Amino acid sequence: MTLDRDLMQTIIKRYPRSRSAIMPLLHYVQSVSGYVTNDGIETISELLEIETAEVSAVATFYTQYKRKPVGEYHVGVCTNTLCAVMGGDAIFAALKDHLGVENDGVTADGKVSLEHIECNAACDYAPVVMANWEFYDNQTVESAKALVDGARAGNPPAPTRGPNRLVTYKEASAVLAGLDDGLAREGVQAGEATLLGLKLSKEGK
Amino acid sequence: MSKLTPVLSAHWDQPDSFTIEAYTRNGGYTASKKALAMDPDAVIQMVKDSGLRGRGGAGFPTGMKWGFIPQGDDKDHYLVVNADESEPGTCKDTPLLMANPHVLIEGCIIACHAIRAKHAFIYIRGEVTHVVRRVNAAIADAYKAGHLGNGIELTLHIGAGAYICGEETALLDSLEGFRGQPRLRPPFPAIAGLYARPTVVNNVESISAVPAIINNGAEWYQSMGTEKSKGATLYSLSGHVNNPGQFEAPLGITLREILELAGGIRNGHKLKFWTPGGSSTPLFTDEHLDTPLDYEGVAAAGSMLGTKALQIFDETTCVVRAVLRWTEFYKHESCGKCTPCREGTWWLVQILRDLENGTGTEADLEKLLDLCDNIMGRSFCALGDGATSPITSSIKYFRDEYIAHVTNGACPFDPVKSTLFAGAVN
Ligand SMILES: Cc1cc2nc3c(=O)[nH]c(=O)nc-3n(C[C@H](O)[C@H](O)[C@H](O)COP(=O)(O)O)c2cc1C
Ligand code: SF4
Ligand code: FES
């Protein structure tokens, strides 16, 4: 697939100053290529009229921009302290073993990549696993293995708090470029932990 | 009477709570209508009178921050909402935006009117695909309904994984298309913020609190909370408890009270240590169960209210392991701009690794404290200071446990016992 320069121009127009569009443009490049390609960097530099070195400097600063292809399903296991202690370390170790990859590795079939991630703002659902940055809450070693097995077979389970199906890495990257995929109304409004205080207050507690 | 006061969370249990239909049905977009008919200064005064303080960590009075924006200066003004939510333990803005993005949009409209801004930005972290969908769809619906676009523009900016971009000046650099590194202050954002224009940066929860203040009045808001910490707020309980989750309560509630509501520490275990406001706030222990969780109460007990991220750890947890992991996080997230933090966090990790695996020495503890001394207050931004909090506080309360690693030559804990799947002992 090739980069759609007209679409890239509409992203640039969101901002009072064009350079601000660099981050959504990098997400957009990932939505087309699955990672940040040299071609993507050159195109962004042309459109924003800045040096390629400046685009690269930004791309390498942020961990979500990948300089080599990740899997169709990019799986992140939260191993920040709280999730790690609650089981994240065990899940990450089990997935490395199960998939035969190290941190940042991709399975030979290109289906699944694995990394350990930092706190993903879902600690009340620990241990947390993200796939293409969708929430898989309250994970166990078994449920995480089922997630990656499903992903490799082409039918991953749906996220806990997310749309009815798990989108691909490229599809998710398009959402992160600010493009609408029409799935916002799918999925729950909140999980159980989110609603706990409200429920208790309604019970007069 | 319930100790909880759901305001922001009041309608989260409606399955369509995130839609514009639900928000309007529940009385949404009446506050912005009311505020737009008010004099902007009167809106600022009302927020000042309410006593609302920033919910992003530092607790700065929101109305006062708005009042710093110069008026009649013929410059563009900007509102930037900080939705980067990456402080370990913090998990309130993300569920808020998933369940009700419109309350933030309405808050943005009111804040823009007050500070005479025509353009607002929401900077959201990039690792939350579905929340991005929800906020983006809500903005589109608010434009269609005419709430946005008639003098106030709102742009969603999506981050790409960098904790430092939650620091407000790094966030502004990131939003301008640069690497997210903190700026020298002064000038403060109120004078030279986004594109060097007067800018207010506020947390999601701070701005989302505003519509209810406009509708119910400053006095109503004042009636909740404590003397200097007014209102209600989201407390996020996680970790070794029977029922983790979000609890919206008046400022000043205690952990003991929240734990009672949450069914206590997981069965058969007891509280060991906890963070009152994320990993950058010094640890508390069971001595602090009755500390009022407001800005003053937590500070008086030697920590900070921060983001009200209550991460709970029971006696199965090795404090050295926990602190090492947080320290690895700070090292990874250090932006590299200043030496004390960039070099210091690297050394902290080396020493803590030795201590955790049993190859450290007692002298290493002094080295750690010495390093912390050189980072704290000498770093360019608060990330460096925050990195020292878990270390100094854990040594203060659990020095013996560090020493046990040294004398044992290994970690005396079994990590399996801490996991959720190891289960509660019934
Ligand atoms: C390293 C670091 C990370 C931060 N992360 C966040 C964040 O994710 N969200 C946030 O609102 N504030 C964060 N802050 C605080 C902001 O700098 C700023 O104080 C806050 O957004 C102001 O909003 P408030 O007054 O409404 O609290 C962070 C600060 C530091 C030093
Ligand atoms: S304290 Fe750390 S994060 Fe902050 S400016 Fe210095 S190196 Fe960067
Ligand atoms: S520590 Fe894993 S989501 Fe917060």
Tell me whether the range A:58-74 contains one or more residues that are among the aliphatic types (A, V, I, L, M), more than 8 Å from every other protein chain (Cβ to nearest Cβ) and free of Cβ contacts under 8 Å to residues at least 24 places away in the same chain.
no
Among (1) free of Cβ contacts under 8 Å to residues at least 24 places away in the same chain; (2) more than 10 Å from chain A (Cβ to nearest Cβ); (3) part of a helix (DSSP H, G or I), where does B:ASP74 come up short?
(3)
Inside the range B:177-271, counting only helices (runs of 4 or more DSSP H) that do not spill past its ends, which hold 2 or more residues that are open to solvent by less than 10 Å² (accessible area, probe 1.4 Å) and in the same structural domain as B:ASP294 (by TED's automatic domain parsing)?
B:255-261
Can you name the residue in the range B:194-233 that is farther than 30 Å from B:SER174 by Cα and β-branched (Val, Ile, Thr) and, of all such residues, is nearest to ligand 1 (Cβ to nearest atom)?
B:ILE213
Among (1) within 9 Å of chain A (Cβ to nearest Cβ); (2) without any contact (Cβ under 8 Å) to a residue 60 or more places away in the chain, the one test that B:ILE139 misses:
(1)
Which pairs have Cβ atoms under 9 Å, sit 6 or more apart or on different chains, and link a residue in the range B:377-389 that is free of Cβ contacts under 8 Å to residues at least 12 places away in the same chain to one that is open to solvent by less than 10 Å² (accessible area, probe 1.4 Å)?
B:GLY377/B:GLY384
Mind checking which residues of the range B:207-230 are under 11 Å from B:SER50 (Cβ atoms) and either under 22 Å from the mean Cα position of the chain (by Cα) or within 16 Å of ligand 3 (Cβ to nearest atom) (or both)?
B:ALA209, B:VAL210, B:ALA212, B:ILE213, B:TYR221, B:GLN222, B:MET224, B:GLY225, B:LYS230
In contact (Cβ under 8 Å) with a residue 24 or more places away in the chain, assigned by TED's automatic domain parsing to the domain that holds A:TRP133 and not hydroxyl-bearing (Ser, Thr, Tyr), is that true of A:GLY87?
yes
Please go through the range B:368-426 and pick out each residue that is within 16 Å of ligand 3 (Cβ to nearest atom) and either surrounded by fewer than 19 Cβ atoms within 10 Å (Cβ to Cβ) or farther than 29 Å from A:ILE91 by Cα (or both).
B:PRO415, B:PHE421
Residues of the range B:105-126 that turn out to be within 13 Å of ligand 1 (Cβ to nearest atom) and within 8 Å of another protein chain (Cβ to nearest Cβ), as a count:
2
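If you check B:ILE44 against the conditions, is it part of a helix (DSSP H, G or I), open to solvent by less than 20 Å² (accessible area, probe 1.4 Å) and touching a helix residue (DSSP H, G or I) at 6+ places or on another chain (Cβ under 7 Å)?
For B:ILE44, the condition - part of a helix (DSSP H, G or I), open to solvent by less than 20 Å² (accessible area, probe 1.4 Å) and touching a helix residue (DSSP H, G or I) at 6+ places or on another chain (Cβ under 7 Å) - is met.
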Considering every residue within the range A:133-143, establish whether at least one is within 16 Å of ligand 1 (Cβ to nearest atom) and modelled with pLDDT of 95 or more.
no
Can you find a residue that is among the basic types (Lys, Arg), outside the structural domain of A:CYS78 (by TED's automatic domain parsing) and surrounded by fewer than 19 Cβ atoms within 10 Å (Cβ to Cβ) anywhere in the range A:182-199?
yes
A:PRO69 fails exactly one of (1) in contact with a Gly (Cβ under 9 Å, 6 or more places away or on another chain); (2) open to solvent by 30 Å² or more (accessible area, probe 1.4 Å); (3) in a helix (DSSP H, G or I), namely (3)
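Looking at the structure I just gave you, is B:ASP373 within 16 Å of ligand 2 (Cβ to nearest atom), under 24 Å from the mean Cα position of the chain (by Cα) and on the phi < 0 side of the Ramachandran plot?
It is false that B:ASP373 is within 16 Å of ligand 2 (Cβ to nearest atom), under 24 Å from the mean Cα position of the chain (by Cα) and on the phi < 0 side of the Ramachandran plot.
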Which residue, of B:LEU283, B:LEU355, B:LEU324, B:LEU310, is farther than 19 Å from B:ARG399 by Cα and either surrounded by fewer than 19 Cβ atoms within 10 Å (Cβ to Cβ) or more than 16 Å from ligand 2 (Cβ to nearest atom) (or both)?
B:LEU310
If we keep just the residues of the range A:148-168 that are among the aliphatic types (A, V, I, L, M) and assigned to a loop (DSSP other than H, G, I, E, B), which is farthest from ligand 1 (Cβ to nearest atom)?
A:ALA158
Taking the range B:166-184 and the residues there that are away from ligand 1 (no atom under 11 Å from the Cβ) and among the acidic types (Asp, Glu), the one that is nearest to the other protein chains (Cβ to nearest Cβ) would be B:GLU176
Scan the range A:166-198 for residues that are among the small types (Gly, Ala, Ser) and more than 7 Å from chain B (Cβ to nearest Cβ) and report the count.
5
Can you tell me which of B:THR233, B:THR155, B:THR129, B:THR199 is within 12 Å of chain A (Cβ to nearest Cβ), touching a strand residue (DSSP E or B) at 6+ places or on another chain (Cβ under 6 Å), touching a residue at least 12 places away in the same chain (Cβ under 8 Å) and polar (S, T, N, Q)?
B:THR155
Can you find a residue that is outside any helix (DSSP H, G or I) and surrounded by 24 or more Cβ atoms within 10 Å (Cβ to Cβ) anywhere in the range B:151-158?
yes
Number of the condition not met by B:ASN82 [criteria: (1) open to solvent by 10 Å² or more (accessible area, probe 1.4 Å); (2) of a type outside the set (Val, Ile, Thr); (3) more than 15 Å from ligand 1 (Cβ to nearest atom)]
(3)
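Filter the range B:77-104 down to the residues that are within 14 Å of chain A (Cβ to nearest Cβ) and either under 22 Å from B:THR24 (Cβ atoms) or without any contact (Cβ under 8 Å) to a residue 24 or more places away in the chain (or both) and list them by number.
Across the range B:77-104, the qualifying residues are B:PRO95, B:LEU96, B:LEU97, B:MET98, B:ALA99, B:ASN100, B:PRO101, B:HIS102, B:VAL103.
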Search result, residues across the range B:334-361 that are closer than 22 Å to B:ASN408 by Cβ, in contact with a helix residue (DSSP H, G or I) (Cβ under 6 Å, 6 or more places away or on another chain) and not in a loop (DSSP other than H, G, I, E, B)
B:LEU348, B:VAL349, B:ILE351, B:LEU352, B:LEU355, B:GLU356
Scanning the range A:116-147 residue by residue, those in a loop (DSSP other than H, G, I, E, B) and either under 18 Å from A:LEU176 (Cα atoms) or facing chain B (nearest Cβ under 7 Å) (or both) turn out to be A:GLU118, A:CYS119, A:ASN120, A:ALA121, A:ALA122, A:ALA126, A:PRO127, A:ASN132, A:TRP133, A:THR140
Given the structure, is A:GLY87 in a strand (DSSP E or B) and at the interface with another protein chain (Cβ under 9 Å from one of its Cβ atoms)?
no
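The values are calculated or read from the model by the stated rules, or taken from the named source; none is laboratory data. A quick note: this is a predicted structure, and the numbers were derived from the prediction, not measured. Cβ: placed from backbone, ideal geometry, glycine included. Neighbour counts: every protein chain shown. Ligands, DNA and RNA are stripped out before the accessible areas are found, and what is left, the full protein with its side chains, is counted by its heavy atoms. Shrake-Rupley method; radii C 1.70, N 1.55, O 1.52, S 1.80 Å.
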